[in-house]
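Student: Attaching a single structure in structure tokens format; questions to follow.
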There are 2 protein chains.
Amino acid sequence: MSLTRVHNLSISLDGFATGEPQSLEAPFGHAGERLHRWMFATRYWDEDGGSLGVDNAFAERHTPGVGAEIMGANKFGPPGWQDDPEWKGWWGPNPPFHTPTFVLTHHAKPPMEMEGGTTFHFLDASPAEALATAREAAGGRDVRIGGGATVVRDFLLAGLVDHLHLVQVPILLGRGVRLWDGLEGLEESFDVEAVSTPSGVTHLTFTRKGTT
Amino acid sequence: MSLTRVHNLSISLDGFATGEPQSLEAPFGHAGERLHRWMFATRYWDEDGGSLGVDNAFAERHTPGVGAEIMGANKFGPPGWQDDPEWKGWWGPNPPFHTPTFVLTHHAKPPMEMEGGTTFHFLDASPAEALATAREAAGGRDVRIGGGATVVRDFLLAGLVDHLHLVQVPILLGRGVRLWDGLEGLEESFDVEAVSTPSGVTHLTFTRKGTT
């Protein structure tokens, strides 16, 4: 069974997955790196000295078993990237996806084949349509919804997410893009677990009932 | 040193401390009892069969060392209680406060002396003024800010809270009264700890830097 999964989506205590304004210089706005420091300190991110505890165990689940990613336009680049013919994402010539990767945008572009197995496809599609396309490309493996918060929320609202891994960071951003709006009662369809770790973050997993 | 403390303030994952609409029949609106089930299952609440683990340890901290409480009008009664001369709070003849208890309201009323040491005083005052009055009444002991969320937020915004204990319950209410609005950067003034427990909730403590 091919699942639809979200991993390592970091949010503040007040529920923001990014600050504002987002720009080339500040992809997460006034949040800076604060939402992701827990991950930078893991072996998953830092191969030389990162930690091997529970934060790393969660972080590493990002990759295995995933055959395609879907991301929102705001994850692929700063505002206006669609008008820059040279923009190929934040990640350099060898992006960390290594699978077909579908970018949701209203601006059609030809696919971009990168090194290491990543090919960016640009789709103007509903969540269900995008998921059908990505599922086909994933060749029986799982599909990751890569964010940002708006795209994850859209897929949650459409009932398309099987497994959601959030990391709640104990900061208050006050403004930005909120994950939770409009999701009243979401927990009724999921088994929810929470675990706080020595780094101070709390991992939350939502696993759709009946998935396992 | 007399501290200003908040205990057992339960919030949903999306940050609501109560649902809506609040009424005599449903003091927490559509949230019902869901925000407080963790507490009903502790020895603090259920003397005959409640649990004695970490949830109970936090719950019991509500009372010791507290010499006065400040609460908002919405905690004392349902909308319109100010116009009911017979309304004496939700808690019967012997309320669980056992100290002077200050209710913030724009409608002046004479004090109500209850059984067990609780006297309700009705104050039309700013957070700082109310705290000065309650501190005086507390006789050197601590002052508890009893909620609801609006009052706790007002005291946090005024920089008057020394210790804040929150309990995050893994439900999404979608609507109600949100605790966090306007509190960007709150964590900078506090040492923050998080601990998830077997009941599924996550306790968060904010302790003002330099307090201990």
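Student: What number of residues in the stretch A:29-50 are more than 21 Å from A:Gly117 (Cβ to Cβ) and surrounded by fewer than 19 Cβ atoms within 10 Å (Cβ to Cβ)?
Tutor: Matching residues across the stretch A:29-50 total 14.
Student: For residues that are touching a residue at least 60 places away in the same chain (Cβ under 8 Å) and more than 10 Å from every other protein chain (Cβ to nearest Cβ), tally how many sit in the stretch A:202-212.
Tutor: Of the residues in that region, 1 qualify.
Student: Just need a number here: residues in the stretch B:126-147 that are closer than 30 Å to B:Ser12 by Cβ, at pLDDT 95 or above and not polar (S, T, N, Q).
Tutor: 10
Student: Moving on to the next point. Using beta carbons and a limit of 7 Å, which pairs, at least six apart or on different chains, have the first residue in the stretch A:162-177 and closer than 17 Å to B:Leu156 by Cβ and among the β-branched types (Val, Ile, Thr) and the second one part of a strand (DSSP E or B) and modelled with pLDDT of 95 or more?
Tutor: A:Ile171/A:Ser12
Student: Do we have B:Glu193 as modelled with pLDDT of 95 or more and in a helix (DSSP H, G or I) here?
Tutor: no
Yes/no per residue for (1) outside any helix (DSSP H, G or I); (2) facing another protein chain (nearest Cβ under 7 Å):
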residue: B:His165; (1), (2): yes, no
residue: B:Gln168; (1), (2): yes, no
residue: B:Leu173; (1), (2): yes, yes
residue: B:Trp180; (1), (2): yes, yes
residue: B:Glu188; (1), (2): no, no
residue: B:Gly200; (1), (2): yes, yes
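Student: Also, quick follow-up: Show me the strands (runs of 3 or more DSSP E) found entirely inside the stretch B:1-99 where at least 1 residues are of a type in the set (Gly, Ala, Ser) and farther than 25 Å from B:Ala130 by Cα.
Tutor: B:4-12
Student: Is it the case that A:Thr150 is among the β-branched types (Val, Ile, Thr), away from every other protein chain (no Cβ under 14 Å), surrounded by fewer than 21 Cβ atoms within 10 Å (Cβ to Cβ) and in contact (Cβ under 8 Å) with a residue 40 or more places away in the chain?
Tutor: yes
Student: Report, by residue number, each residue of the stretch A:4-20 that is hydrophobic (A, V, I, L, M, F, W, C) and touching a strand residue (DSSP E or B) at 6+ places or on another chain (Cβ under 6 Å).
Tutor: A:Val6, A:Leu9, A:Ile11, A:Phe16, A:Ala17
The values are calculated or read from the model by the stated rules, or taken from the named source; none is laboratory data. Bear in mind the structure is a predicted one, so any value in this text is a computation, not a measurement. All Cβ positions, even for glycine, are placed from backbone atoms using ideal geometry, and neighbour counts span all protein chains on display.
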